[in-house]
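What follows is a short report on a single structure.
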Amino acid sequence: MASFSAQAQTPVTLRVLTHSSFDLPQALLAQFEKEAGARLQIVKAGDAGEMTNKLILTRARPIADVVFGIDNTLLPRARAAGVIDPYSGPAAQRKAAVAMDGGVVPVDHGYVTLNIDKAWFDKAGLALPTSLEDLTKPAYAKLLVVQNPATSSPGQAFLYATIAGLGEEGAFTWWGQMRGNGVKVVKGWTEAYYTEFTRNGGTRPIVVSYASSPAAEVFYGKEKMTESPTANLFLKGGVFRQVEGVALVKGGNPAAREAAGKFIEFLRSAPVQQALQTTMWMFPVETGVARVDVMKAHATEPSAFDNPSATEMSTKGQSWLQRWTKTVLK
C-alpha cells in the first residue's frame, strides 16, 4: 500500500460524504488515518441519488471535503451544480479499466441489471423472460420491483438502460405497459432487495439489482453454497454499466484538502480495490488488481450493456425523469 505520511501533530478532520453502501474494512480505514495524519468523519447520506441531492443542497455551506459514490448517471447533475473541484493527482492520471470525466476519479464499476429468485421460478413453473417485452405479458404481472430513478442511482441507471436499449419512445411505451402490468416502485435499492424481493420474504421474484448480487448471496449465505440462489437476467435494454467515482468537494475545508487528495489515492490503492469487491460488491478499476474468488465464480459480467451517451444523460436526464414520473407514478 502506498505510504501516506502524517503532516501534522494534530490530525485534521476529513469529512467524507458517501452513499449508504460505502463499506471498507476498519483496519484499512485506521491505516489511512494513521498514515495520512487525518481523522475520518464518514457521513452516509442514503442512496447515491439522495447523497448527490444533499451535496447540491448544501453547496453554500459544504458538509464534506471529499465525496465518494457519484456515478456516471449522477455526474452531469453534480457538474451542472458546480459542487466538484477537479482532481489531477496520480490516481487521475493512471489508466483505469473504466473512465470518468470532469475531474472525478473512477473507483469501481458494476452492472445494474435484473436479478431473479431461482427457487420462485422453479416452484411456479414459469419460464424466465427472454426480453423486456415479455415482462409486459399477463404471466409476469406484479413480478417486478424497481427503484424510483428520482431517488435511486440503480433506478436511474435501469431507466437509462431501457432508453438506450429500446429507444426513447419504445422505452416509455414499455414503462407505460409495465405500470399496467403492476410494476412496483420503491425508494431505493435496500427496500427493493431486502423488503420486496421474494428471496428476502417479499412478493416480487424479479428485482433491479447488480450483476454481483448473486456472488453476495453466496458470500453471505448461512450455509456453504456451490451455486447462487439468484441469477442475472441480461436482457436487451436492461443492463447499465455503472461507474462510481470520488471527487473533491468545492468549498470544502482548505485545511483538509491535502488529506482529501490522499483519500482519493487511498481508494485507488490495491488493498482497497481488492477489499471493495466483497464489501461494496463492485468490480475494481485499478489495472492489475485480481478478482476475488467469489466474484470470479458468481459475478458474471455481461457481454453487452446499454448506456446513453454522457451528452444525452447530461442534456436529457432531467426530462427523462419527469417523463418517467408522469408515465409510471401519476
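The values are calculated or read from the model by the stated rules, or taken from the named source; none is laboratory data. What you see is a predicted model; the values in this text were computed from it and never measured. Quick reminder, even Gly has a Cβ in these numbers, built from the backbone with ideal geometry, and neighbours come from all protein chains shown. Side chains are part of the model used for accessible areas, which takes the heavy atoms of the whole protein and leaves out ligands, DNA and RNA. Shrake-Rupley method; radii C 1.70, N 1.55, O 1.52, S 1.80 Å.
Overview of results
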{"quantity": "Total formal charge among the other residues, if their Cβ is under 11 angstrom from that of residue 182, Lys/Arg +1 and Asp/Glu -1", "calculated": "+4"}
{"quantity": "Gain upon complete extension [residue 35, residue 203; 0.36 nm per residue less C-alpha separation]", "calculated": "55.7 nm"}
{"quantity": "Shape parameters for segment 271-330, alpha-carbon atoms, Rg then Dmax in Å", "calculated": "17.3, 48"}
{"quantity": "Percent accessible area from carbon and sulfur atoms, segment 1-104, protein chains only, probe 1.4 Å", "calculated": "50"}
{"quantity": "DSSP-loop trypsin sites (Lys or Arg not before Pro) across segment 103-170, with at most 15 other Cβ within 10 angstrom", "calculated": "142"}
{"quantity": "Accessible-area value, residue 263, 1.4 Å probe, nucleic acids and ligands omitted, Å²", "calculated": "0"}
{"quantity": "Reported label for calculated volume of the Cα convex hull per residue in Å³ given (1) 128; (2) 195; (3) 222", "calculated": "(1)"}
{"quantity": "Within segment 285-313: backbone nitrogen closer than 20 Å to the residue 226 label point (7 Å, Cα to C-beta)", "calculated": "293-300"}
{"quantity": "Above-threshold pairs, the threshold being 28 Å between Cα atoms, out of 222/262; 44/250; 187/296; 44/184", "calculated": "222/262; 187/296"}
{"quantity": "Residue-normalised accessible area of the chain, expressed per residue, 1.4 Å probe, Å²", "calculated": "43"}
{"quantity": "Relative pair counts by distance (%), Cα atoms of segment 183-272, 5 Å bins", "calculated": "2, 10, 15, 15, 14, 11, 12, 10, 7, 3, 0"}
{"quantity": "Part-to-part distance (alpha-carbon centres) for segment 31-71 and segment 75-132, which is given in Å", "calculated": "19"}
{"quantity": "Enclosed volume per residue, in Å³, of the convex hull spanned by Cα atoms of segment 87-144", "calculated": "136"}
{"quantity": "Within the accessible area of segment 234-301 (1.4 Å probe), percent carbon and sulfur", "calculated": "52"}
{"quantity": "Residue 323 accessible area, 1.4 Å probe, all protein chains in place, Å² to nearest 10", "calculated": "80"}
{"quantity": "Dipole magnitude (debye, nearest 20) for segment 131-286, charges at Cβ of Lys, Arg, Asp, Glu", "calculated": "260"}
{"quantity": "The chain: calculated mean residue ellipticity at 222 nm from DSSP helix runs of at least 4, using -39500 (n - 2.57)", "calculated": "-10000 deg cm²/dmol"}
